[in-house]
């Protein structure tokens, strides 16, 4: 049973910030929040719907970055011509998250802020070195994607802050790929590999309690065994620890062999 | 349902009697583990109550435990069963555990073992998360116990 | 007995017609459709967004009505399975294809598959078999073995059927 709550709708960022400052819990698609409320696992006293805050939605770009509003549905990111052209890996990831309903109801910001360990988007954005921009009535601040999630469901966002958008640098990208195994409703393992002139980053998501990532100057600097051994896998119906480590090893090897063809 | 078992031990230079005194002082031990709120002694070495409070992102745990001592041999062994329910969701938590103090050539081996289980919606959603938390709580308790008995 | 919940009026377009209802805030869209508006075609099965039986279209996009606040369709355009057939009751090409291909047995998952297929065909009028299978990733059928459902969508697409007769 959902306990009593009040509900308001914001149409501007200022209204939304005032609402969260006074204790309202923000939502857009509600795919995780409403599900948790139905199960009685969380009981916010007030909700603020952000679906009509236009400033929080959409894909913008300039010469060396692409910015995605936090309230943008995954399907909108996947359909964006700018994203398809300059961040094809992100277009791919957002086109395979969940199922089509999840991709239209669910948003980039919701996925990041809920921080379910089995997220496709979080490791992809870590590998892409995304920067998150948060705002409160007191002002704004930036957080690197790799620093945002500290534990399952635990992120660096105060209750009075909103995630406004995600900025992804696109200036010197050489290579970007996402490899995933999914057998049930959520991914078992996801591996994102991104190469830029300034360096390469590999991030493993979904297998462990939080994503793990590694940096190297070239793809040859990554070792699939070392990456797999560094993971503390969650043991669940999708697999035991050793099995998941094997999956990580395999997917990392696939990503690296893809990279070797490019970086030669 | 999610369940797990544990078996941990450490050695200390203290005597079994000294260990017993510390490891049955529930008010003192309550402060060792963040998740434990209040502990009430209903009948010493027989019955206790404890409240648990924790948070993982948007999810809160608030449970009240009923603790019954099932076996007792001063100052060597004690076993207890703790059971309770989360106030919000009604998920049930059960712990069966015991402590043994074994003298060993001037030292004492302090041994803990037990099983725990969580039933209900919380367990359905977060089985591995719960086990991860349980391990972290046990680590916290044991390292504190070792420190206090140094 | 007074309800412990606040209520709110929601007004929207359902299958082309304007409707309104006053609902307690925690009411999900599927409950609004089934219990308040008598449209029982949309089903509740898993109640956790994974089976697709509760699929409806909101502003053209598929959502899980079991986990969507009814008040959030205020001013929106909603399509449910009841809107696929023509006003005179004649079935849409997509519905007819489901019958022709034996794409339903118990029929419980069928409204969800029909609404997903409607959304797919609006987006992609000539999907490949693979695209259909991938689009149905979040829809479960316990009876048919899925193949007849995919065949029905292929067949309907082949006949140029992008959706129902209704709005």
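The values are calculated or read from the model by the stated rules, or taken from the named source; none is laboratory data. No experiment lies behind these values; they were computed from the predicted model shown. FYI the Cβ positions are ideal-geometry reconstructions off the backbone, even for glycines, and counts take in every protein chain you see.
Things to note:
- Qualifying residue in the stretch C:24-31 (condition: outside the structural domain of residue C:118 (by TED's automatic domain parsing), buried (at least 24 other Cβ atoms within 10 Å of the Cβ), in contact with a strand residue (DSSP E or B) (Cβ under 6 Å, 6 or more places away or on another chain) and under 25 Å from residue C:104 (Cβ atoms)): no
- Annotation: residue C:4 fulfils all but one of (1) assigned to a strand (DSSP E or B); (2) within 14 Å of chain A (Cβ to nearest Cβ); (3) surrounded by fewer than 16 Cβ atoms within 10 Å (Cβ to Cβ); (4) out of contact with any strand residue (DSSP E or B) (no Cβ under 6 Å at 6 or more places or on another chain); the unmet one is (1).
- Each residue in the stretch A:58-89 was checked for being in contact (Cβ under 8 Å) with a residue 40 or more places away in the chain, touching a strand residue (DSSP E or B) at 6+ places or on another chain (Cβ under 7 Å) and in a loop (DSSP other than H, G, I, E, B), and 4 pass.
- Looking across B:101, B:142, B:138, one residue alone is buried (at least 16 other Cβ atoms within 10 Å of the Cβ), touching a strand residue (DSSP E or B) at 6+ places or on another chain (Cβ under 9 Å) and in a strand (DSSP E or B). It is B:101.
- Elements of the type helices (runs of 4 or more DSSP H) sitting completely within the stretch A:90-181 and holding at least 3 residues that are closer than 30 Å to residue C:55 by Cα and more than 12 Å from the chain's Cα centre (by Cα): these cover A:100-105.
- Unique match (being away from every other protein chain (no Cβ under 14 Å), touching a residue at least 40 places away in the same chain (Cβ under 8 Å) and closer than 19 Å to residue B:40 by Cα) among B:78, B:109: B:78
- Test: residue in the stretch C:84-107 that is within 12 Å of another protein chain (Cβ to nearest Cβ), more than 30 Å from residue A:7 (Cβ to Cβ) and touching a residue at least 60 places away in the same chain (Cβ under 8 Å): no
- Every condition in (1) within 14 Å of chain B (Cβ to nearest Cβ); (2) under 29 Å from residue A:169 (Cα atoms); (3) not in a loop (DSSP other than H, G, I, E, B) is met by residue A:30 except one, and the failing one is (3).
- All conditions in (1) within 11 Å of chain C (Cβ to nearest Cβ); (2) surrounded by fewer than 22 Cβ atoms within 10 Å (Cβ to Cβ); (3) touching a strand residue (DSSP E or B) at 6+ places or on another chain (Cβ under 6 Å) hold for residue A:95, with the sole exception of (3).
- Whichever residue in the stretch A:46-57 is within 22 Å of residue A:83 (Cα to Cα) and in contact with a helix residue (DSSP H, G or I) (Cβ under 8 Å, 6 or more places away or on another chain) and, among such residues, is nearest to the other protein chains (Cβ to nearest Cβ): A:51
- Checking A:171, A:142, A:109 one by one, the residue that is crowded, with 24+ Cβ neighbours inside 10 Å and at negative phi is A:109 and no other.
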